[in-house]
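*Asks:* Sharing a structure here in structure tokens format.
The values are calculated or read from the model by the stated rules, or taken from the named source; none is laboratory data. Nothing here was measured: the structure is a model prediction, and the numbers come from that model. Cβ sites come from the backbone with ideal geometry, for glycine too, and all protein chains shown count toward neighbours.
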Amino acid sequence: MMAFLSVIIPVLNDGGYLREFLLKTPQEDDVEIIVVDNERSTEDILGICKEFGVIYLQTDGDISNQLNVGAQYASGEYLLFLAVDVRFTRPLSNLVAYIKKYPFIEVATGPLDQLYGTNDFISDMRERIRSLTFIITGGYMLVKKDVFFKLGGFTPRALSLFTWEDFDFDVKARLRGYIVYYLPFPAVHLRPFNFRLPDGTLIARL
């Protein structure tokens, strides 16, 4: 049966976060969960996916490729790209109901707070800016599937002008005239944002 919402989660040795997410996320009839593992993972991500009955894919390349592969496999009308360490404060069924109520939403993001106690001022200011500009974050991004493919999906980091695939996609969407909506569905990030170069080098943690 085709899903209405496909939740796409890229992972690289994040078994603990993935297991916790699946334990706390009830299965919904119109929601499918797709885990896209990086081939460099050394943890048994496949075993976790089998345990919880969710879709497992594996690919190479950077996170952009993982997300694109997940989108290609997805059956849902909408795609929710979600970091493995992001948690919603409300059930996914509420988000599905909201999207069905407002079908004009094609590209969206939402509030993303942090739970740990470092760099609180920086995190707060970044979220304030996002709430005013509706800048998309790859940790929490909703896109209608046909729009995603019209925009060409995520640009590989090595080819992107902006280093981060989420910001690159945000720019592409706005240049094509799409409105980026800010959803009333808060989420929390369980660990710091790690900003990396295309080769994986860590350059900042906020």
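*Asks:* State all residues of the stretch 1-42 that are modelled with pLDDT under 95 and among the charged types (D, E, K, R); if no residue qualifies, say none.
*Replies:* Asp14, Glu20, Lys24, Glu28, Asp29, Asp30, Glu39, Arg40
*Asks:* Please go through the stretch 19-53 and give me each residue that is polar (S, T, N, Q) and free of Cβ contacts under 8 Å to residues at least 40 places away in the same chain, ordered by number. Full working, then the answer.
*Replies:* Here is the first cut: in the stretch 19-53, the residues polar (S, T, N, Q) are 25, 27, 38, 41-42.
Answer for the stretch 19-53, where residues must be polar (S, T, N, Q) and free of Cβ contacts under 8 Å to residues at least 40 places away in the same chain: Gln27, Asn38, Ser41, Thr42.
*Asks:* Is it the case that Ser6 is surrounded by fewer than 17 Cβ atoms within 10 Å (Cβ to Cβ) and either among the acidic types (Asp, Glu) or in contact (Cβ under 8 Å) with a residue 40 or more places away in the chain (or both)?
*Replies:* Values: surrounded by fewer than 17 Cβ atoms within 10 Å (Cβ to Cβ): no; either among the acidic types (Asp, Glu) or in contact (Cβ under 8 Å) with a residue 40 or more places away in the chain (or both): yes.
Taking the combined requirement at face value, the residue does not satisfy it.
Matching residues to (1) over 26 Å from Lys24 (Cα atoms); (2) touching a helix residue (DSSP H, G or I) at 6+ places or on another chain (Cβ under 7 Å); (3) modelled with pLDDT of 90 or more; (4) among the hydroxyl-bearing types (Ser, Thr, Tyr):
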| position | (1), (2), (3), (4) |
| --- | --- |
| Gly47 | no, no, yes, no |
| Ser75 | no, no, yes, yes |
| Ala97 | no, no, yes, no |
| Phe121 | yes, no, no, no |
| Phe148 | yes, yes, yes, no |
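*Asks:* What are the residue pairs meeting all of these: first residue in the stretch 167-178, first residue within 13 Å of Phe148 (Cβ to Cβ), second residue assigned to a helix (DSSP H, G or I), Cβ atoms under 7 Å, and 6 or more apart or on different chains?
*Replies:* These pairs meet every condition: Tyr178/Val147.
*Asks:* Condition first: assigned to a loop (DSSP other than H, G, I, E, B), out of contact with any Leu (no Cβ under 7 Å at 6 or more places or on another chain) and without any contact (Cβ under 8 Å) to a residue 40 or more places away in the chain. Now tell me which residues in the stretch 54-101 satisfy that.
*Replies:* Kept after step one, since they are assigned to a loop (DSSP other than H, G, I, E, B), are these residues of the stretch 54-101: 54, 60-62, 74-77, 83-85, 89-91.
Filter once more, keeping what is out of contact with any Leu (no Cβ under 7 Å at 6 or more places or on another chain): 60-62, 74-75, 77, 83, 89-91.
The answer is Asp60, and nothing else.
*Asks:* Sort out which residues of the stretch 20-44 are touching a helix residue (DSSP H, G or I) at 6+ places or on another chain (Cβ under 9 Å), of a type outside the set (Gly, Ala, Ser), closer than 20 Å to Ile63 by Cα and not in a strand (DSSP E or B), and write them in order of number.
*Replies:* Scanning the stretch 20-44 gives Glu43, Asp44.
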